Amino acid sequence: MSQPIIISASPHVHSAKTSKKVMYDVVIALIPAFLVSLYVFGISALILTAVAVASCLLFEYLIQKYLLKSEITIGDGSALITGILLAFNLPAGLPIWMILVGSLVAIGIGKMSFGGLGFNIFNPALVGRVFLLVSFPVQMTMWPTAVENNTSIADAVTGATPLGMIKEGLMFGDTMTNISANLPSNMEMFLGISGGSIGEMSALALLLGGIYLLARKVITWHIPVTILVTMAVMTGVFWVIDPESYASPLIHILSGGAILGAFYMATDMVTSPMTRKGMLIFAVGIAVITVVIRLFGAYPEGVSFAILIMNAFVPLINTYFKPRRFGSKIKSKIV
């Protein structure tokens, strides 16, 4: 009798890169932005991040051990990343109990209710962030000003974000010329001396981390570059038509969560498309929704909503833009 042929399940192409290594590469990439947040907001940024990370790890452990009774996987780095990204999307000085609520929603609803890592449809950190924004809009839009030294705790003094100042000013009939006089300069926003969530402060720090992820091939350029370019083109058209009623593309790119979302959350491998064409469509959708919300919506920022909305379309995008199967033949054209 001939030797039977054993066919193993896919994947048949292996790599030394594991999900754990990928997660910790993302952690390394976020270090520059975290250091800027410590410089700007002091120990409040450290407390916020520590509570978010610890609570995400704890909730995932408790859910897996006592509810799902499954293997404990908190060492794979995914809960760690969720905690960091959740913290990066929150204002410094947010009450600790609210951070705990956000972590529970992010892990319990955004991740574990779908089956854990690899099965979640939506980005867990953004699920937690949007839940807090909708449930506690006042606290989630109180942006403490920078502290005088990094051993201080940020107080509750509200310093509006650049996008918030623009939205409020235009709502009351002011012009961009007058509003711009009170905005941080482009260089200040690039370096990180402006209001906002602790992780979206410095465009420079986020770009450095993004370049690291690209160099390590953790992400590809398709999603982040397409998001930022599409946003620049769309906002640029409105700005050219009426510069007194619309902010410049540079302001839209440097302020808010555009760069943070483009490089670190929209590129989540679980909740983004598999193919390059799918990634481009996904990224354009995020950019368009973000710009529409920023320019015409009630919120000054729209990146979180845009990513979550497009996360819901990923299964559909993957259906129509499937990767080529191994062993399949390309149909030849009949001449």
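The values are calculated or read from the model by the stated rules, or taken from the named source; none is laboratory data. The structure displayed is predicted, hence computed values, not measured ones. Using ideal geometry, Cβ is built from the backbone for each residue, glycine included, and neighbour counts are taken over all protein chains shown. The protein model used for the area step is the full one, side chains on, heavy atoms only, and it has no ligands, DNA or RNA in it. Shrake-Rupley method; radii C 1.70, N 1.55, O 1.52, S 1.80 Å.
Let me confirm something: among V36, V134, V138, V105, which residue is hydrophobic (A, V, I, L, M, F, W, C) and closer than 24 Å to I193 by Cβ?
Within the list V36, V134, V138, V105, the selection yields V36.
Taking helices (runs of 4 or more DSSP H) that fall entirely within region 171-227, which contain at least 2 residues that are open to solvent by less than 20 Å² (accessible area, probe 1.4 Å), under 27 Å from T49 (Cβ atoms) and touching a residue at least 60 places away in the same chain (Cβ under 8 Å)?
203-215
If we scan region 253-271, do we find a residue that is assigned to a helix (DSSP H, G or I), out of contact with any His (no Cβ under 6 Å at 6 or more places or on another chain) and modelled with pLDDT under 95?
Yes, that holds for at least one residue.
For region 231-252, give me each residue that is closer than 25 Å to P32 by Cβ, touching a helix residue (DSSP H, G or I) at 6+ places or on another chain (Cβ under 6 Å) and either among the β-branched types (V, I, T) or open to solvent by 30 Å² or more (accessible area, probe 1.4 Å) (or both).
Once the filter is applied, which keeps residues that are closer than 25 Å to P32 by Cβ, touching a helix residue (DSSP H, G or I) at 6+ places or on another chain (Cβ under 6 Å) and either among the β-branched types (V, I, T) or open to solvent by 30 Å² or more (accessible area, probe 1.4 Å) (or both), region 231-252 yields A232, L250.
From the set of residues in region 110-124 that are open to solvent by less than 60 Å² (accessible area, probe 1.4 Å) and either of a type in the set (V, I, T) or not in a loop (DSSP other than H, G, I, E, B) (or both), which is nearest to S78 (Cα to Cα)?
Only one residue tops the list, namely P124.
Which condition number in (1) without any contact (Cβ under 8 Å) to a residue 24 or more places away in the chain; (2) in a helix (DSSP H, G or I); (3) over 22 Å from N120 (Cβ atoms) is the one that A298 fails?
The one condition A298 does not meet is (2).
Any residue in region 279-287 that is more than 26 Å from I179 (Cα to Cα), more than 16 Å from the chain's Cα centre (by Cα) and in a helix (DSSP H, G or I)?
yes
Only one of (1) among the aliphatic types (A, V, I, L, M); (2) in a helix (DSSP H, G or I); (3) touching a residue at least 60 places away in the same chain (Cβ under 8 Å); (4) under 20 Å from R129 (Cα atoms) is not met by L250, so which one is it?
(4)
How many residues are without any contact (Cβ under 8 Å) to a residue 60 or more places away in the chain and open to solvent by 40 Å² or more (accessible area, probe 1.4 Å) when one looks only at region 18-45?
Adding up the residues that qualify gives 4.
Go through region 272-302 and report how many residues are at pLDDT 95 or above, of a type in the set (A, V, I, L, M) and open to solvent by 10 Å² or more (accessible area, probe 1.4 Å).
9
Taking the conditions exactly as written (at pLDDT below 95, assigned to a helix (DSSP H, G or I), closer than 25 Å to P124 by Cβ and under 21 Å from the mean Cα position of the chain (by Cα)), does S55 satisfy them or not?
no
Can you give me the number of residues within region 67-100 that are surrounded by 16 or more Cβ atoms within 10 Å (Cβ to Cβ) and assigned to a loop (DSSP other than H, G, I, E, B)?
8
From the list I96, I84, I109, which residue is within 19 Å of G256 (Cβ to Cβ) and touching a helix residue (DSSP H, G or I) at 6+ places or on another chain (Cβ under 7 Å)?
Residue meeting the stated conditions: I84.
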